[in-house]
């Protein structure tokens, strides 16, 4: 009989593509603990403290959260505040509370510890605050968890990436109308986005946009242009009157946006280093992916109307 396409499979695939907000997986918790060790520094368990250590930082984190939660301690195990905090990170079931301790600890790394640079070596700090924050955000991305640390707060990624308005309709249409190749590339773009591979995300989005147009040509039985890239494909759809001519500028603008973001470079000054990559702001990448999704929905709806 072979493998058949059923709703539950498609629905599960769709859910895998979306950022998760209701779990903090164990490997991510362990990675946060490693960052703590490098970015907050050593804890002195001895009765008499000599020199500088991170005791005050851990004592503050523990006491502040206990006060907020109305508790005497964060964990049933552990005698010191650092033990309590580590146990809480690994054992706590509430996602919100795990994010509380991550947010508070990284806020201290970002502010208090940043301002005590002269004591870093004495405290055993080996990871500067900027690197610690960058690693945390990359770890969130690696695990597909929809949060980032930004300006002292943990924020949901979808505050600038509201996928439900454009991404889900595009995915559903592509699956429902037989645009499998385009849907695979489109989903790849979002996998790259989740992992922080922004240029790859834009490149795959452009491929999905082009594949959507190519699929329309094939399904309509139209001859494909000699060059099957965005510009001739767009021109071909207008020539076939699938799309009103007054929208040509809009689609060409999308093409320019996607191509431009995928190839952005910055010429370095006269030091013989050639071209150097420039990081694309994530809100701009999110905008490009949203724009791509919106136009894919529009193209497939136009195809459906003119079957």
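Nothing in this text is a laboratory measurement; each read-out follows from the coordinates by a stated rule. Since this is a predicted model, take the numbers as computed values, not measurements. Cβ placement follows ideal geometry from the backbone for every residue including glycine, while neighbour counts extend to all protein chains displayed.
Structure summary
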{"read-out": "Distance (nanometres) between label positions extended 7 Å along Cα→Cβ at residue 218 and residue 142", "value": "3.7 nm"}
{"read-out": "Additional length obtainable on full extension of the chain from residue 38 to residue 239, 0.36 nm per residue less Cα span", "value": "66.3 nm"}
{"read-out": "Exposure proxy order (Cβ contacts within 10 Å, fewest to most) of 44, 22", "value": "22, 44"}
{"read-out": "Length released on extending from residue 150 to residue 247, taking residue separation times 0.36 nm less the Cα-Cα span", "value": "31.2 nm"}
{"read-out": "Pair-distance profile P(r), taking every C-alpha pair of the range 26-157, with 10 angstrom steps and integer %", "value": "12, 46, 35, 7, 0"}
